[in-house]
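Worksheet: the structure to be examined is printed underneath.
The values are calculated or read from the model by the stated rules, or taken from the named source; none is laboratory data. Please read these numbers as outputs of a predicted model, since none were measured by experiment. With ideal geometry, Cβ positions are generated from the backbone for all residues, glycine too; neighbour counts draw on all protein chains shown. Heads up: the accessible areas ignore ligands, DNA and RNA and are worked out on the full protein's heavy atoms, side chains in. Shrake-Rupley method; radii C 1.70, N 1.55, O 1.52, S 1.80 Å.
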Amino acid sequence: MATPPVYQNLIGGKFVDSASGRTFENRNPADTREIIGIFQDSDERDVQAAVEAAKRAYRHWRLVPAPKRGEILFKAAQLLVERKEQYARDMTREMGKVLKETRGDVQEAIDMCFFMAGEGRRLYGQTTPSEMPNKFQMSVRQPIGVCGLITPWNFPMAIPSWKILPALIVGNTVVIKPASDTPLSVYNLVQCLLDAGIPDGVVNIVTGSGSRVGEPLIRHPDVQVISFTGSTEIGSKVARVGAEGMKHVSLEMGGKNPMIVMDDANLDLVVDGAIWGAFGTTGQRCTATSRLIAHRAIVGELTERLADRAERLKIGNGLDETVEMGPIINQSQLETVQRYVEIGKSERARLVVGGQALRDGDYAYGFFHQPTIFADVQRTMRIAQEEIFGPVLSIITVDSLEEAIDVANDVPYGLSSAIYTRDVNAAFRAMRDLYTGIVYVNAPTIGAEIHLPFGGTKGTGNGHREGGIQVLDVFSEWKSIYIDFSGTLQRAQIDTYQVGMDE
Ligand code: NAP
(Lines give C-alpha, C1' and ligand atoms only; values in the text may rest on other atoms or scores of the structure.)
Protein backbone atom coordinates (compact mmCIF):
# COMPACT_ATOMS: atom_id res chain seq x y z
CA MET A 1 0.00 0.00 0.00
CA ALA A 2 1.15 3.60 -0.69
CA THR A 3 2.66 5.55 2.22
CA PRO A 4 -0.18 7.45 3.89
CA PRO A 5 -0.01 11.26 3.84
CA VAL A 6 1.03 13.08 7.01
CA TYR A 7 -1.11 16.01 8.17
CA GLN A 8 0.34 18.63 10.50
CA ASN A 9 -1.40 21.05 12.82
CA LEU A 10 -2.29 24.39 11.24
CA ILE A 11 -1.07 27.15 13.55
CA GLY A 12 -0.69 30.80 12.54
CA GLY A 13 -0.87 29.92 8.84
CA LYS A 14 1.89 27.29 9.04
CA PHE A 15 1.65 23.51 9.03
CA VAL A 16 3.68 22.23 11.99
CA ASP A 17 4.36 19.02 13.89
CA SER A 18 2.93 18.50 17.37
CA ALA A 19 5.22 19.67 20.19
CA SER A 20 5.66 16.07 21.34
CA GLY A 21 6.37 14.79 17.84
CA ARG A 22 3.76 12.06 18.40
CA THR A 23 1.19 11.12 15.72
CA PHE A 24 -1.84 8.86 15.31
CA GLU A 25 -3.38 6.96 12.40
CA ASN A 26 -6.78 7.54 10.86
CA ARG A 27 -8.11 4.27 9.40
CA ASN A 28 -10.99 3.40 7.11
CA PRO A 29 -13.83 1.84 9.18
CA ALA A 30 -14.93 -0.26 6.16
CA ASP A 31 -11.43 -1.72 5.80
CA THR A 32 -9.05 -0.99 8.63
CA ARG A 33 -6.10 -2.11 6.55
CA GLU A 34 -6.31 1.26 4.79
CA ILE A 35 -4.66 4.17 6.58
CA ILE A 36 -6.27 7.44 5.48
CA GLY A 37 -3.61 9.64 7.00
CA ILE A 38 -1.22 10.23 9.87
CA PHE A 39 -2.27 13.11 12.13
CA GLN A 40 -0.60 14.99 14.97
CA ASP A 41 -1.23 13.65 18.46
CA SER A 42 -1.09 17.08 20.07
CA ASP A 43 -1.23 18.31 23.64
CA GLU A 44 -1.62 21.46 25.73
CA ARG A 45 1.47 23.10 24.19
CA ASP A 46 0.02 22.94 20.70
CA VAL A 47 -3.28 24.33 21.96
CA GLN A 48 -1.40 27.20 23.61
CA ALA A 49 0.41 28.03 20.36
CA ALA A 50 -2.81 27.88 18.33
CA VAL A 51 -4.74 30.10 20.74
CA GLU A 52 -1.91 32.65 20.73
CA ALA A 53 -1.95 32.67 16.92
CA ALA A 54 -5.73 33.09 16.86
CA LYS A 55 -5.51 35.91 19.39
CA ARG A 56 -2.94 37.76 17.28
CA ALA A 57 -4.97 37.30 14.09
CA TYR A 58 -8.12 38.56 15.82
CA ARG A 59 -6.67 42.07 16.13
CA HIS A 60 -6.77 42.44 12.34
CA TRP A 61 -9.56 40.09 11.27
CA ARG A 62 -12.22 41.78 13.40
CA LEU A 63 -11.53 45.02 11.51
CA VAL A 64 -11.74 43.54 8.02
CA PRO A 65 -15.08 44.81 6.63
CA ALA A 66 -17.68 42.06 6.88
CA PRO A 67 -18.48 42.12 3.11
CA LYS A 68 -14.77 41.45 2.45
CA ARG A 69 -14.84 38.55 4.88
CA GLY A 70 -17.92 37.37 2.99
CA GLU A 71 -16.03 37.48 -0.31
CA ILE A 72 -13.42 35.08 1.05
CA LEU A 73 -16.16 32.73 2.21
CA PHE A 74 -17.85 32.98 -1.18
CA LYS A 75 -14.62 32.01 -2.92
CA ALA A 76 -14.18 29.11 -0.50
CA ALA A 77 -17.71 27.93 -1.34
CA GLN A 78 -16.83 27.92 -5.04
CA LEU A 79 -13.71 25.87 -4.35
CA LEU A 80 -15.75 23.41 -2.31
CA VAL A 81 -18.11 23.02 -5.25
CA GLU A 82 -15.16 22.20 -7.55
CA ARG A 83 -13.70 19.71 -5.07
CA LYS A 84 -16.98 18.18 -3.87
CA GLU A 85 -16.56 14.72 -5.38
CA GLN A 86 -13.01 14.29 -4.09
CA TYR A 87 -13.94 15.45 -0.61
CA ALA A 88 -17.00 13.17 -0.54
CA ARG A 89 -14.77 10.21 -1.42
CA ASP A 90 -12.25 11.18 1.26
CA MET A 91 -15.08 11.38 3.76
CA THR A 92 -16.51 7.98 2.85
CA ARG A 93 -13.03 6.52 3.33
CA GLU A 94 -12.51 8.09 6.73
CA MET A 95 -16.05 7.92 8.12
CA GLY A 96 -17.73 5.06 6.26
CA LYS A 97 -21.07 6.51 5.24
CA VAL A 98 -22.15 5.95 1.65
CA LEU A 99 -21.14 8.34 -1.13
CA LYS A 100 -24.66 9.70 -1.59
CA GLU A 101 -24.54 10.85 2.02
CA THR A 102 -20.99 12.20 2.03
CA ARG A 103 -21.86 14.24 -1.07
CA GLY A 104 -24.74 15.62 1.00
CA ASP A 105 -22.36 16.37 3.89
CA VAL A 106 -20.01 18.38 1.63
CA GLN A 107 -23.03 20.07 0.05
CA GLU A 108 -24.12 21.24 3.48
CA ALA A 109 -20.74 22.88 3.98
CA ILE A 110 -21.13 24.52 0.55
CA ASP A 111 -24.60 25.79 1.46
CA MET A 112 -23.37 27.11 4.78
CA CYS A 113 -20.44 28.83 3.10
CA PHE A 114 -22.67 30.65 0.59
CA PHE A 115 -25.20 31.46 3.31
CA MET A 116 -22.61 32.97 5.65
CA ALA A 117 -20.90 34.77 2.74
CA GLY A 118 -24.23 36.54 2.19
CA GLU A 119 -24.42 37.38 5.90
CA GLY A 120 -21.29 39.48 5.37
CA ARG A 121 -23.54 41.98 3.61
CA ARG A 122 -26.29 41.78 6.22
CA LEU A 123 -25.29 41.12 9.83
CA TYR A 124 -28.36 43.15 10.61
CA GLY A 125 -28.43 45.21 13.75
CA GLN A 126 -31.31 47.14 15.22
CA THR A 127 -32.36 50.76 15.43
CA THR A 128 -35.20 52.08 17.55
CA PRO A 129 -36.59 55.58 18.04
CA SER A 130 -35.25 57.38 21.08
CA GLU A 131 -37.38 58.65 23.93
CA MET A 132 -35.52 61.93 23.67
CA PRO A 133 -35.27 64.56 20.90
CA ASN A 134 -32.12 64.72 18.79
CA LYS A 135 -30.86 61.36 19.82
CA PHE A 136 -30.13 58.29 17.69
CA GLN A 137 -29.73 54.75 18.92
CA MET A 138 -28.79 51.40 17.53
CA SER A 139 -27.48 48.01 18.49
CA VAL A 140 -24.81 46.20 16.48
CA ARG A 141 -23.27 42.74 16.56
CA GLN A 142 -19.69 42.54 17.82
CA PRO A 143 -17.27 39.64 17.45
CA ILE A 144 -16.14 38.10 20.72
CA GLY A 145 -12.58 36.86 20.13
CA VAL A 146 -11.05 33.41 19.94
CA CYS A 147 -13.53 30.54 19.53
CA GLY A 148 -12.70 26.94 20.51
CA LEU A 149 -14.60 24.49 18.30
CA ILE A 150 -14.96 20.78 19.07
CA THR A 151 -16.69 18.54 16.55
CA PRO A 152 -17.88 14.91 16.25
CA TRP A 153 -17.19 12.32 13.54
CA ASN A 154 -20.65 11.71 12.10
CA PHE A 155 -20.86 14.88 9.97
CA PRO A 156 -17.14 15.48 9.52
CA MET A 157 -17.43 18.54 7.27
CA ALA A 158 -20.98 19.84 7.70
CA ILE A 159 -20.76 20.32 11.47
CA PRO A 160 -17.35 22.02 11.41
CA SER A 161 -18.76 24.34 8.72
CA TRP A 162 -21.74 25.22 10.93
CA LYS A 163 -19.24 26.52 13.49
CA ILE A 164 -16.23 27.87 11.58
CA LEU A 165 -18.15 29.94 9.02
CA PRO A 166 -20.50 31.90 11.29
CA ALA A 167 -17.61 32.50 13.71
CA LEU A 168 -15.52 33.97 10.90
CA ILE A 169 -18.17 36.10 9.25
CA VAL A 170 -18.79 37.96 12.49
CA GLY A 171 -15.04 38.64 12.84
CA ASN A 172 -13.86 35.99 15.31
CA THR A 173 -10.88 33.71 14.88
CA VAL A 174 -11.00 29.98 15.59
CA VAL A 175 -9.10 26.96 16.86
CA ILE A 176 -10.79 23.72 15.85
CA LYS A 177 -10.21 20.28 17.31
CA PRO A 178 -11.80 17.75 14.95
CA ALA A 179 -12.98 14.31 16.05
CA SER A 180 -10.01 11.94 16.03
CA ASP A 181 -11.90 9.51 13.78
CA THR A 182 -12.46 12.07 10.99
CA PRO A 183 -9.89 14.89 10.92
CA LEU A 184 -9.28 14.79 7.15
CA SER A 185 -12.61 16.40 6.24
CA VAL A 186 -11.79 19.39 8.44
CA TYR A 187 -8.46 19.77 6.63
CA ASN A 188 -10.30 19.68 3.30
CA LEU A 189 -12.74 22.38 4.39
CA VAL A 190 -10.01 24.58 5.82
CA GLN A 191 -7.84 24.12 2.71
CA CYS A 192 -10.60 25.83 0.70
CA LEU A 193 -10.59 28.74 3.14
CA LEU A 194 -6.80 29.01 2.87
CA ASP A 195 -6.92 28.88 -0.92
CA ALA A 196 -9.64 31.53 -0.88
CA GLY A 197 -7.32 33.89 1.00
CA ILE A 198 -8.14 33.60 4.68
CA PRO A 199 -5.32 35.40 6.55
CA ASP A 200 -2.79 33.49 8.67
CA GLY A 201 -3.96 32.58 12.14
CA VAL A 202 -7.67 33.20 11.52
CA VAL A 203 -8.33 29.44 11.32
CA ASN A 204 -6.14 27.00 13.27
CA ILE A 205 -6.41 23.22 13.50
CA VAL A 206 -5.05 21.12 16.36
CA THR A 207 -5.65 17.38 16.18
CA GLY A 208 -5.45 14.93 19.06
CA SER A 209 -7.52 13.41 21.82
CA GLY A 210 -10.42 14.95 23.70
CA SER A 211 -8.51 14.90 26.97
CA ARG A 212 -5.17 16.25 25.74
CA VAL A 213 -6.46 18.80 23.18
CA GLY A 214 -10.19 19.31 23.83
CA GLU A 215 -9.85 19.95 27.56
CA PRO A 216 -6.98 22.48 27.41
CA LEU A 217 -8.83 24.24 24.60
CA ILE A 218 -12.04 24.71 26.56
CA ARG A 219 -10.12 25.69 29.71
CA HIS A 220 -7.89 28.22 28.00
CA PRO A 221 -8.56 31.69 29.48
CA ASP A 222 -8.19 33.38 26.08
CA VAL A 223 -10.86 31.21 24.48
CA GLN A 224 -14.05 33.22 24.89
CA VAL A 225 -16.50 31.00 23.00
CA ILE A 226 -16.80 27.24 23.05
CA SER A 227 -18.96 25.54 20.47
CA PHE A 228 -19.25 21.80 21.07
CA THR A 229 -21.13 19.06 19.26
CA GLY A 230 -20.94 15.54 20.63
CA SER A 231 -22.28 13.32 23.36
CA THR A 232 -24.34 14.62 26.26
CA GLU A 233 -21.80 13.10 28.65
CA ILE A 234 -18.88 15.17 27.33
CA GLY A 235 -21.12 18.16 26.64
CA SER A 236 -22.14 18.50 30.27
CA LYS A 237 -18.46 18.46 31.24
CA VAL A 238 -17.83 21.24 28.71
CA ALA A 239 -20.73 23.20 30.20
CA ARG A 240 -19.22 23.02 33.69
CA VAL A 241 -15.81 24.19 32.52
CA GLY A 242 -17.40 26.95 30.48
CA ALA A 243 -19.44 28.15 33.43
CA GLU A 244 -16.36 28.42 35.64
CA GLY A 245 -14.57 30.45 32.98
CA MET A 246 -17.64 32.66 32.25
CA LYS A 247 -17.47 31.66 28.58
CA HIS A 248 -20.10 31.60 25.89
CA VAL A 249 -20.92 27.90 25.51
CA SER A 250 -23.03 26.37 22.77
CA LEU A 251 -23.81 22.65 23.08
CA GLU A 252 -25.39 20.32 20.52
CA MET A 253 -25.69 16.80 21.91
CA GLY A 254 -27.55 13.50 21.73
CA GLY A 255 -31.01 12.53 20.57
CA LYS A 256 -33.61 9.76 20.84
CA ASN A 257 -35.83 10.85 18.03
CA PRO A 258 -39.39 9.57 17.65
CA MET A 259 -41.43 9.03 14.52
CA ILE A 260 -45.16 8.83 15.23
CA VAL A 261 -47.21 6.82 12.74
CA MET A 262 -50.97 7.26 12.98
CA ASP A 263 -53.52 4.76 11.67
CA ASP A 264 -54.35 6.96 8.65
CA ALA A 265 -50.73 7.32 7.50
CA ASN A 266 -49.53 6.46 4.01
CA LEU A 267 -47.52 3.36 4.89
CA ASP A 268 -45.48 3.40 1.67
CA LEU A 269 -44.20 6.81 2.70
CA VAL A 270 -43.63 5.65 6.27
CA VAL A 271 -41.57 2.61 5.25
CA ASP A 272 -39.31 4.74 3.03
CA GLY A 273 -38.97 7.41 5.71
CA ALA A 274 -38.34 5.04 8.61
CA ILE A 275 -35.70 3.01 6.74
CA TRP A 276 -33.91 6.18 5.70
CA GLY A 277 -34.30 7.81 9.13
CA ALA A 278 -33.21 4.76 11.13
CA PHE A 279 -30.47 3.28 8.95
CA GLY A 280 -29.14 6.27 6.99
CA THR A 281 -25.58 7.03 8.20
CA THR A 282 -25.85 3.56 9.82
CA GLY A 283 -28.08 5.15 12.48
CA GLN A 284 -25.23 7.39 13.57
CA ARG A 285 -27.05 10.69 13.28
CA CYS A 286 -28.02 12.86 16.21
CA THR A 287 -31.37 13.11 14.37
CA ALA A 288 -31.66 9.38 13.55
CA THR A 289 -35.13 7.88 13.88
CA SER A 290 -34.52 5.57 16.81
CA ARG A 291 -38.10 5.14 18.07
CA LEU A 292 -41.07 4.37 15.88
CA ILE A 293 -44.26 5.04 17.82
CA ALA A 294 -46.98 3.30 15.84
CA HIS A 295 -50.74 3.10 16.22
CA ARG A 296 -51.95 -0.38 17.16
CA ALA A 297 -54.17 -0.58 14.06
CA ILE A 298 -51.19 -0.57 11.67
CA VAL A 299 -48.23 -1.66 13.79
CA GLY A 300 -48.33 -5.32 12.68
CA GLU A 301 -48.31 -4.63 8.96
CA LEU A 302 -45.77 -1.83 9.34
CA THR A 303 -43.36 -3.98 11.38
CA GLU A 304 -43.45 -6.72 8.73
CA ARG A 305 -42.81 -4.30 5.89
CA LEU A 306 -39.96 -2.60 7.73
CA ALA A 307 -38.34 -5.91 8.58
CA ASP A 308 -38.54 -6.98 4.97
CA ARG A 309 -36.89 -3.78 3.73
CA ALA A 310 -34.24 -3.74 6.47
CA GLU A 311 -33.27 -7.32 5.69
CA ARG A 312 -32.71 -6.45 2.03
CA LEU A 313 -30.51 -3.37 2.63
CA LYS A 314 -27.14 -3.80 0.97
CA ILE A 315 -24.36 -3.33 3.51
CA GLY A 316 -20.73 -2.71 2.62
CA ASN A 317 -18.06 -0.22 1.67
CA GLY A 318 -19.71 3.14 1.00
CA LEU A 319 -17.50 3.76 -2.04
CA ASP A 320 -19.57 1.12 -3.87
CA GLU A 321 -22.50 3.13 -5.30
CA THR A 322 -24.88 0.18 -4.87
CA VAL A 323 -24.26 -0.06 -1.11
CA GLU A 324 -27.05 1.37 1.06
CA MET A 325 -25.53 1.18 4.54
CA GLY A 326 -21.87 1.55 5.48
CA PRO A 327 -19.95 0.45 8.59
CA ILE A 328 -20.08 1.74 12.14
CA ILE A 329 -17.34 4.26 12.91
CA ASN A 330 -15.08 2.17 15.17
CA GLN A 331 -14.75 -0.91 17.33
CA SER A 332 -15.91 0.78 20.50
CA GLN A 333 -19.13 2.05 18.84
CA LEU A 334 -19.75 -1.40 17.36
CA GLU A 335 -19.45 -2.87 20.85
CA THR A 336 -21.92 -0.29 22.15
CA VAL A 337 -24.45 -1.36 19.51
CA GLN A 338 -23.92 -5.03 20.36
CA ARG A 339 -24.34 -4.25 24.05
CA TYR A 340 -27.67 -2.51 23.40
CA VAL A 341 -28.91 -5.45 21.30
CA GLU A 342 -28.25 -7.68 24.31
CA ILE A 343 -29.96 -5.17 26.61
CA GLY A 344 -33.01 -5.13 24.30
CA LYS A 345 -33.21 -8.93 24.36
CA SER A 346 -32.81 -9.08 28.12
CA GLU A 347 -35.55 -6.46 28.51
CA ARG A 348 -37.78 -8.83 26.51
CA ALA A 349 -38.30 -6.65 23.49
CA ARG A 350 -38.94 -8.78 20.39
CA LEU A 351 -35.98 -8.89 18.00
CA VAL A 352 -37.63 -8.80 14.58
CA VAL A 353 -34.64 -8.52 12.32
CA GLY A 354 -30.83 -8.15 12.52
CA GLY A 355 -29.00 -8.13 15.83
CA GLN A 356 -25.66 -9.41 14.60
CA ALA A 357 -22.28 -7.92 13.77
CA LEU A 358 -21.01 -8.98 10.32
CA ARG A 359 -17.51 -10.42 10.25
CA ASP A 360 -17.16 -12.78 7.28
CA GLY A 361 -15.84 -12.24 3.77
CA ASP A 362 -15.76 -8.58 2.71
CA TYR A 363 -16.82 -7.57 6.20
CA ALA A 364 -13.80 -9.08 7.92
CA TYR A 365 -11.76 -5.86 8.20
CA GLY A 366 -14.57 -3.40 8.98
CA PHE A 367 -17.05 -2.60 11.75
CA PHE A 368 -20.28 -3.81 10.15
CA HIS A 369 -23.59 -4.54 11.85
CA GLN A 370 -26.97 -5.64 10.53
CA PRO A 371 -29.87 -3.18 10.52
CA THR A 372 -31.79 -4.18 13.63
CA ILE A 373 -35.43 -3.76 14.61
CA PHE A 374 -37.03 -4.47 17.97
CA ALA A 375 -40.85 -4.59 18.30
CA ASP A 376 -43.04 -4.70 21.44
CA VAL A 377 -40.73 -2.19 23.06
CA GLN A 378 -42.01 -0.58 26.25
CA ARG A 379 -41.44 3.15 26.66
CA THR A 380 -39.39 2.70 29.84
CA MET A 381 -36.94 0.16 28.40
CA ARG A 382 -33.36 1.29 28.03
CA ILE A 383 -33.47 0.76 24.26
CA ALA A 384 -36.38 3.23 24.21
CA GLN A 385 -34.71 5.79 26.46
CA GLU A 386 -30.97 5.84 25.73
CA GLU A 387 -29.15 6.99 22.62
CA ILE A 388 -27.59 3.95 20.92
CA PHE A 389 -26.11 5.77 17.92
CA GLY A 390 -26.25 2.79 15.62
CA PRO A 391 -28.62 0.93 13.26
CA VAL A 392 -31.20 -0.06 15.87
CA LEU A 393 -34.89 0.90 15.67
CA SER A 394 -37.33 0.36 18.56
CA ILE A 395 -41.04 0.04 17.75
CA ILE A 396 -43.47 1.09 20.47
CA THR A 397 -47.24 0.48 20.12
CA VAL A 398 -49.79 3.13 21.17
CA ASP A 399 -53.56 3.57 20.99
CA SER A 400 -54.02 7.31 20.43
CA LEU A 401 -52.34 10.54 19.36
CA GLU A 402 -52.26 11.74 22.98
CA GLU A 403 -50.43 8.61 24.08
CA ALA A 404 -48.06 8.86 21.10
CA ILE A 405 -47.08 12.44 21.97
CA ASP A 406 -46.70 11.54 25.63
CA VAL A 407 -44.36 8.63 24.76
CA ALA A 408 -42.47 10.79 22.26
CA ASN A 409 -41.74 13.45 24.89
CA ASP A 410 -40.88 10.94 27.62
CA VAL A 411 -37.09 10.82 27.06
CA PRO A 412 -34.23 12.99 28.30
CA TYR A 413 -33.57 14.37 24.77
CA GLY A 414 -35.46 16.69 22.44
CA LEU A 415 -33.77 17.11 19.09
CA SER A 416 -36.04 15.98 16.26
CA SER A 417 -39.44 14.30 15.88
CA ALA A 418 -41.82 13.34 13.11
CA ILE A 419 -45.46 12.49 12.58
CA TYR A 420 -47.04 10.65 9.67
CA THR A 421 -50.75 11.31 9.30
CA ARG A 422 -53.26 12.58 6.76
CA ASP A 423 -55.25 14.38 9.47
CA VAL A 424 -54.34 18.07 9.47
CA ASN A 425 -55.61 18.54 13.03
CA ALA A 426 -53.42 15.72 14.31
CA ALA A 427 -50.43 17.19 12.49
CA PHE A 428 -50.94 20.63 14.03
CA ARG A 429 -51.40 19.21 17.52
CA ALA A 430 -48.17 17.25 17.14
CA MET A 431 -46.31 20.32 15.86
CA ARG A 432 -47.45 22.22 18.91
CA ASP A 433 -46.97 19.54 21.56
CA LEU A 434 -43.84 17.65 20.55
CA TYR A 435 -41.12 19.17 22.73
CA THR A 436 -38.23 19.00 20.26
CA GLY A 437 -36.24 21.63 18.39
CA ILE A 438 -37.31 20.22 15.02
CA VAL A 439 -40.59 18.62 13.90
CA TYR A 440 -41.30 16.95 10.55
CA VAL A 441 -44.69 16.18 9.08
CA ASN A 442 -44.85 13.20 6.71
CA ALA A 443 -41.05 13.09 6.54
CA PRO A 444 -38.48 11.29 8.71
CA THR A 445 -36.60 12.91 11.59
CA ILE A 446 -33.67 13.79 9.34
CA GLY A 447 -33.36 16.36 6.54
CA ALA A 448 -32.73 19.75 8.15
CA GLU A 449 -31.67 22.67 5.96
CA ILE A 450 -28.98 25.12 7.02
CA HIS A 451 -31.02 28.31 6.81
CA LEU A 452 -33.36 27.34 9.66
CA PRO A 453 -32.20 27.05 13.27
CA PHE A 454 -30.97 23.57 14.23
CA GLY A 455 -30.79 22.26 17.77
CA GLY A 456 -32.74 20.65 20.54
CA THR A 457 -34.38 20.86 23.93
CA LYS A 458 -33.66 19.13 27.26
CA GLY A 459 -30.51 16.94 27.23
CA THR A 460 -29.86 17.75 23.57
CA GLY A 461 -28.75 21.33 24.00
CA ASN A 462 -28.40 24.40 26.16
CA GLY A 463 -30.79 26.68 24.32
CA HIS A 464 -28.55 27.76 21.44
CA ARG A 465 -29.14 26.91 17.81
CA GLU A 466 -26.82 26.23 14.92
CA GLY A 467 -27.90 27.11 11.38
CA GLY A 468 -30.20 29.96 10.49
CA ILE A 469 -29.17 33.47 11.41
CA GLN A 470 -29.70 32.37 15.01
CA VAL A 471 -26.23 30.80 14.99
CA LEU A 472 -24.78 34.31 14.85
CA ASP A 473 -25.93 34.76 18.45
CA VAL A 474 -23.42 32.09 19.53
CA PHE A 475 -20.53 33.98 17.98
CA SER A 476 -21.43 37.60 18.66
CA GLU A 477 -22.41 40.00 21.40
CA TRP A 478 -24.72 42.97 21.08
CA LYS A 479 -23.43 46.46 21.67
CA SER A 480 -26.05 49.21 22.09
CA ILE A 481 -24.94 52.68 21.09
CA TYR A 482 -26.65 56.02 21.91
CA ILE A 483 -25.70 59.17 20.00
CA ASP A 484 -26.90 62.49 21.38
CA PHE A 485 -26.76 65.25 18.77
CA SER A 486 -28.82 67.84 20.69
CA GLY A 487 -25.69 69.81 21.59
CA THR A 488 -26.84 70.05 25.21
CA LEU A 489 -26.71 67.78 28.18
CA GLN A 490 -30.18 66.28 28.06
CA ARG A 491 -31.75 65.51 31.42
CA ALA A 492 -32.88 62.13 32.64
CA GLN A 493 -35.44 60.67 30.34
CA ILE A 494 -38.43 60.80 32.64
CA ASP A 495 -37.99 64.58 33.14
CA THR A 496 -37.47 65.10 29.46
CA TYR A 497 -40.54 63.11 28.62
CA GLN A 498 -42.63 65.27 31.00
CA VAL A 499 -41.11 68.44 29.59
CA GLY A 500 -42.00 67.21 26.14
CA MET A 501 -45.58 66.55 27.18
CA ASP A 502 -45.90 70.01 28.83
CA GLU A 503 -44.74 71.83 25.73
P1 NAP B 1 -18.00 12.63 21.79
O2 NAP B 1 -17.34 11.39 22.21
O3 NAP B 1 -18.69 13.44 22.83
O4 NAP B 1 -16.88 13.50 21.05
C5 NAP B 1 -17.18 14.74 20.47
C6 NAP B 1 -15.91 15.57 20.41
O7 NAP B 1 -15.50 15.88 21.73
C8 NAP B 1 -14.73 14.85 19.75
O9 NAP B 1 -13.97 15.78 19.03
C10 NAP B 1 -13.96 14.34 20.96
O11 NAP B 1 -12.59 14.10 20.70
C12 NAP B 1 -14.14 15.50 21.91
N13 NAP B 1 -13.92 15.17 23.32
C14 NAP B 1 -13.92 13.95 23.92
N15 NAP B 1 -13.65 14.09 25.24
C16 NAP B 1 -13.47 15.40 25.47
C17 NAP B 1 -13.17 16.17 26.63
N18 NAP B 1 -13.00 15.58 27.83
N19 NAP B 1 -13.05 17.50 26.52
C20 NAP B 1 -13.24 18.11 25.33
N21 NAP B 1 -13.52 17.44 24.19
C22 NAP B 1 -13.65 16.10 24.26
O23 NAP B 1 -19.08 12.38 20.65
P24 NAP B 1 -18.91 11.57 19.30
O25 NAP B 1 -18.87 10.12 19.65
O26 NAP B 1 -17.81 12.14 18.50
O27 NAP B 1 -20.27 11.92 18.56
C28 NAP B 1 -21.47 11.27 18.82
C29 NAP B 1 -22.39 12.13 19.66
O30 NAP B 1 -22.56 13.41 19.05
C31 NAP B 1 -23.79 11.56 19.75
O32 NAP B 1 -24.24 11.67 21.06
C33 NAP B 1 -24.61 12.44 18.82
O34 NAP B 1 -25.97 12.50 19.11
C35 NAP B 1 -23.93 13.75 19.02
N36 NAP B 1 -24.20 14.67 17.91
C37 NAP B 1 -25.05 15.71 18.13
C38 NAP B 1 -25.39 16.58 17.10
C39 NAP B 1 -26.31 17.73 17.32
O40 NAP B 1 -26.29 18.67 16.52
N41 NAP B 1 -27.14 17.72 18.35
C42 NAP B 1 -24.83 16.37 15.84
C43 NAP B 1 -23.96 15.29 15.65
C44 NAP B 1 -23.65 14.45 16.70
P45 NAP B 1 -12.07 12.66 20.22
O46 NAP B 1 -12.68 12.41 18.90
O47 NAP B 1 -10.61 12.85 20.14
O48 NAP B 1 -12.49 11.68 21.26
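Annotations for the structure displayed:
- Counting only protein heavy atoms and a 1.4 Å probe, segment 328-381 has 51 square angstrom of accessible area per residue.
- Comparing Cα centroids, segment 268-332 and segment 436-464 end up 20 angstrom apart.
- Fraction of antiparallel bridges per DSSP, segment 78-203 only, in percent to nearest 5: 35 percent
- Taking only the C-alpha atoms of the chain, Rg followed by Dmax gives 24.7, 92 Å.
- Accessible-area composition of the chain, carbon plus sulfur, in percent [1.4 Å probe]: 51 percent
- Compactness of segment 1-134, expressed as Rg and Dmax over alpha-carbon positions, Å: 20.4, 76
- The order of SER346, SER227 by accessible area, most exposed first and with a 1.4 Å probe, is SER346, SER227.
- Label zone at THR128, where the point sits 7 Å out along the Cα-to-Cβ direction: segment 452-492 residues whose backbone N lies under 13 Å: 480-482
- All aspartates and glutamates inside 20 Å of LYS14 as judged from Cα atoms, apart from same-chain residues fewer than 8 positions distant: ASP41, ASP43, GLU44, ASP46, GLU52, ASP195, ASP200
- Only protein heavy atoms count here; on that basis, with a 1.4 Å probe, SER231 has an accessible area of about 50 Å².
- Neighbourhood charge, 10 Å Cβ-Cβ cut-off, centred on ALA297 and excluding it, Lys, Arg +1 and Asp, Glu -1: -3
- Shape call, segment 340-396: gyration tensor on alpha carbons, a/c limit 1.5: prolate
- Principal axis analysis of the Cα atoms in segment 371-503 yields extents of 76, 32, 25 Å, listed in decreasing size.
- As a size descriptor, the averaged projected area of the C-alpha convex hull of segment 33-78 was calculated at 5.6 nm².
- You can think of it this way: the chain between MET431 and GLU402 has 9.2 nm of extra reach, that is 0.36 nm per residue less the Cα-Cα gap.
- Total formal charge among the other residues, if their Cβ is under 13 angstrom from that of ASP263, Lys/Arg +1 and Asp/Glu -1: -3
- Accessible surface of TYR365, taken over heavy atoms with a 1.4 Å probe and every protein chain present, rounds to 110 Å².
- Taking packing as the residue-averaged number of other Cβ atoms within 10 angstrom, the listed peptides 276-284, 330-338 run from highest to lowest as 276-284, 330-338.
- With both residues required to sit in segment 109-267, DSSP beta bridges show an antiparallel share near 15%.
- Once the chain from PHE15 to THR457 is taken as fully extended at 0.36 nm per residue, the excess over their C-alpha distance is 155.2 nm.
- Loop-located chymotrypsin sites (Phe, Trp or Tyr not before Pro) in segment 120-183 whose Cβ has at most 12 other Cβ within 10 Å (DSSP): TYR124
- For segment 143-182: Kirkwood Rh in Å [reciprocal of mean 1/r, alpha carbons]: 10.3 Å
- Cβ crowding within 10 Å averaged over residues, with 317-328, 79-90 ranked highest first: 317-328, 79-90
- With the Kirkwood sum run over all distinct C-alpha pairs, segment 238-375 has a hydrodynamic radius of 16.7 Å.
- Surrounding net charge for ILE36, when Lys and Arg each add one and Asp and Glu each subtract one, Cβ distance under 13 Å: -2
- Here the Karplus curve 6.51 cos²θ - 1.76 cosθ + 1.60, taken at θ = phi - 60°, turns the phi angles of segment 39-47 into couplings of 10, 6, 8, 7, 9, 3, 5, 5, 4 Hz, with x standing for Gly and Pro.
- Annotation: the antiparallel percentage among DSSP beta bridges lying fully within segment 269-409 is about 35.
- Applying a threshold of 32 Å to the alpha-carbon distances of LYS75/LYS479; LYS97/LYS163; LYS247/LYS345; LYS100/LYS247; LYS177/LYS256; LYS458/LYS479 flags LYS247/LYS345; LYS100/LYS247 as lying beyond it.
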